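Each remark here refers to the structure printed beneath this line.
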Amino acid sequence: MSSKLKMAIVGAGIWGENHARIYQEHPFAEINAICDMNRQKAEAMASKLGIKEVYDDYNEMFQKADCDAVAIVTPDFAHADIAEAAAEHKKHMLIEKPLATTREDVYRIVNAVEKNQVRAMVDLHNRWSPPFNAAHEAVDRGELGNLYSAYMRLNDIKWVATDMLPWAAKSSILWFLGSHSLDTLRWFFHDEVKRVYSVSREGVLKGQGVDTVDEYLTTIEFCKGGIAQMENGWITPNANPCVNDIKFNVIGDKGMISIDASNHNMIQQYTDQKVVVPDVIVQNKIFGKHHGFAFQSISGFVDCMLSGEEFPVTLKDSANTVLALLAVMESAKVRMPVEVKY
């Protein structure tokens, strides 16, 4: 590998453009190729950002493009074929969350990565969130004692499902936000999920033409005894000051930490028409450059690739998060507790 990590991207959407700009800003990365099934979208991004090579076939890109690694920034259900092909072409990869959406695809990706001895990280960026990272460090220092229970709420406003994601009906709020939630809980407890019991409701988004479940409420039991409640939905009113509604609480036998990461008093803007809480944490920019934690995880992939350090999110973390979420979905269907199958 040269002194710079040469990146390619599959997916020329909004988040794919963010990836490209972050690699351009990183002093030790460069973006050399962009691929999208819609070649016009790929060409438009390449023209806008000065990307040299454009493709509409990722296999062709892996064969011809000058790249060390690829960012897979496609809808969540479309990761496995691309990841498997990338591994076979000896390309390292950063995969947008979740790793995959079926058990078979999880194992396909893991096996391909291990067989071809490439490196892979899933962009579960909540580990880079300043309040969550600070809380995790306090837990690791033993300041809360032994963790006992937790509550994780991560919801989106309706706009995400109705307007932002054209493929929302093919996905689930559990893939879009539940992956972050469950990864965060696993990270704090340093443990795997043993059993889940989930209930769900639907009807609000279906009434707006999006055929997907509105919300899940899930009870989680960890192997070492920890328990947690997890809430994920995307029917929060659009007037909510933040796109996300994020609440977190963790209790140990010696202390507790509470986080409200969606409503803060650091900066608020008022007019006669509305109240705005500007995002200064998740996807913010400083002097035009990307600095929010959702961007830092992407640049962190580059850092770890160049340093050789282990990724803060391992492939096993990402795989086991998906397998536990599949159990949550099953539980919500049968309305019974379900054991997680690893």
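The values are calculated or read from the model by the stated rules, or taken from the named source; none is laboratory data. Predicted, not measured: the structure shown is a model, and the values here were computed from it. Using ideal geometry, Cβ is built from the backbone for each residue, glycine included, and neighbour counts are taken over all protein chains shown. Accessible surface areas use protein heavy atoms only, side chains included; no ligands, DNA or RNA. Shrake-Rupley method; radii C 1.70, N 1.55, O 1.52, S 1.80 Å.
Once you reduce the range 163-232 and the range 277-301 to the center of their Cα atoms, the two points are 25 Å from each other. Computed from label points 7 Å out along Cα-Cβ, the spacing between E137 and D303 is 1.2 nm.
What share of the DSSP beta bridges in the chain is antiparallel, in percent to the nearest 5? Given both bridge residues lie in the chain, the antiparallel proportion sits at roughly 55 percent. Out of every Cα-Cα pair that the range 227-342 contains, those further apart than 21 angstrom amount to 63 percent. Taking a ≥ b ≥ c as the square roots of the eigenvalues of the Cα gyration tensor of the range 193-266, is the shape rounded (a/c under 1.5), prolate (a/b larger than b/c) or oblate? The shape class here is oblate.
Annotation for Y342 and N146: the two label points, set 7 Å from Cα along the Cα-Cβ direction, are 2.0 nm apart. Is the range 291-332 best put as rounded, prolate or oblate by its Cα gyration tensor, with a ≥ b ≥ c the root eigenvalues, rounded for a/c under 1.5, and otherwise prolate when a/b is larger than b/c, oblate when not? It is oblate, given that a/c is not under 1.5 and a/b is not larger than b/c. Judged by the gyration tensor of its Cα atoms, with axes a ≥ b ≥ c, the chain is rounded; a/c sits under the 1.5 cut.
Extending 7 Å from the Cα toward the beta-carbon at both K48 and E60 defines two label points whose distance is 2.2 nm.
For the range 211-216, putting each phi into the Karplus relation 6.51 cos²θ - 1.76 cosθ + 1.60 with θ = phi - 60° gives couplings of 7, 8, 5, 6, 7, 10 Hz, in residue order, rounded to whole numbers and with x for Gly and Pro.
Computed from backbone phi, the HN-Hα couplings of the range 255-271 come to x, 8, 10, 10, 10, 10, 9, 10, 10, 10, 10, 5, 7, 9, 10, 10, 9 Hz, rounded to whole numbers (Karplus: 6.51 cos²θ - 1.76 cosθ + 1.60, θ = phi - 60°; Gly and Pro given as x).
What number, in percent, do you get for the relative contact order of the range 189-342 if the mean sequence gap of Cα pairs under 8 Å and at least 6 apart is divided by its residue count? After rounding, I find 25 percent. A straight chain from N238 to R201 at 0.36 nm per residue would run longer than the Cα-Cα distance by 11.4 nm.
Suppose the chain between F28 and C223 were pulled fully straight at 0.36 nm per residue; how much longer would it get relative to their current alpha carbon spacing? So the chain would gain 66.1 nm between F28 and C223. Average accessible surface for the range 228-336: 51 Å² per residue, computed with a 1.4 Å probe over protein heavy atoms with every protein chain in place. Taking θ as phi - 60° and the Karplus parameters 6.51, -1.76 and 1.60, the scalar couplings of the range 242-248 work out to 10, 4, 9, 10, 10, 10, 8 Hz in sequence order, x denoting glycine and proline. At full extension, I286 and M256 could sit 7.5 nm farther apart than now, given 0.36 nm per residue minus the alpha carbon distance. Computed packing ranks the peptides 22-34, 301-313 as 22-34, 301-313, most packed first, by mean other Cβ atoms within 10 Å. Seen from V338, the other residues with C-beta closer than 14 Å to its C-beta sum to a net charge of +3, counting Lys and Arg as +1 and Asp and Glu as -1.
Label reach from E114 (point 7 Å along Cα→C-beta): in the range 300-319, amide nitrogens under 20 Å belong to 310-319.
Our helix-only sum for the chain, with -39,500 (n - 2.57) per DSSP H run of n ≥ 4 divided by its residues, gives a mean residue ellipticity at 222 nm of -10000 deg cm²/dmol.
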